[in-house]
Amino acid sequence: MKDTFLYVLFISAIVALFAFAFSFSQDQGMDGKRIFTDSKCNNCHTVTSEGIASKKIDAVDLSGAGASGSVQLFKSFLLKEAKINDKDHKVKFKGSDAELSTLAGWLTILKTEQKK
């Protein structure tokens, strides 16, 4: 009886560790929308097509940003190395290169026409 209990306990521990490892690996995947909100980009910008709002009344809606730029342009713009419409980005992106690439890629898929 003792051996059966230990066997069941061992199998349960293996299953629990596998589930934990799987859930942890799922959290590590980068998501542009999450990076956008975690980086507090929504302090100045909204993305109404994605349900992201800003407390700022005159926030710029980026719902159609992807129609006007490439990944490289957005990366350069967010690093304050390039201008868009003769304007610099106000804040230099402080995340990792991988986060920057993910965020820039996500911005390029935003092609919903902006509401006026």
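What to note about this one:
- Number of the exception - Val91 against (1) out of contact with any helix residue (DSSP H, G or I) (no Cβ under 8 Å at 6 or more places or on another chain); (2) among the aliphatic types (A, V, I, L, M); (3) at pLDDT 95 or above: (3)
- Close pairs (7 angstrom Cβ cut-off, 6 or more residues apart or separate chains): aromatic (Phe, Trp, Tyr) in the range 1-13, part of a loop (DSSP other than H, G, I, E, B) anywhere: none
Condition check ((1) open to solvent by 90 Å² or more (accessible area, probe 1.4 Å); (2) at negative phi; (3) modelled with pLDDT of 80 or more) across all residues:
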residue: Leu9; (1), (2), (3): yes, yes, no
residue: Ala13; (1), (2), (3): no, yes, no
residue: Ala19; (1), (2), (3): no, yes, no
residue: Phe24; (1), (2), (3): yes, yes, no
residue: Ser39; (1), (2), (3): no, yes, yes
residue: Asn42; (1), (2), (3): no, yes, yes
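- Near pairs, Cβ below 7 angstrom, 6+ apart or cross-chain, from the range 62-74 (at pLDDT 90 or above) to any residue that is polar (S, T, N, Q) and part of a loop (DSSP other than H, G, I, E, B): Ser63/Thr112; Ser63/Gln114; Gly64/Thr112; Gly64/Gln114
The values are calculated or read from the model by the stated rules, or taken from the named source; none is laboratory data. Predicted, not measured: the structure shown is a model, and the values here were computed from it. All Cβ positions, even for glycine, are placed from backbone atoms using ideal geometry, and neighbour counts span all protein chains on display. Side chains included, ligands, DNA and RNA excluded: accessible areas come from the protein's heavy atoms. Shrake-Rupley method; radii C 1.70, N 1.55, O 1.52, S 1.80 Å.
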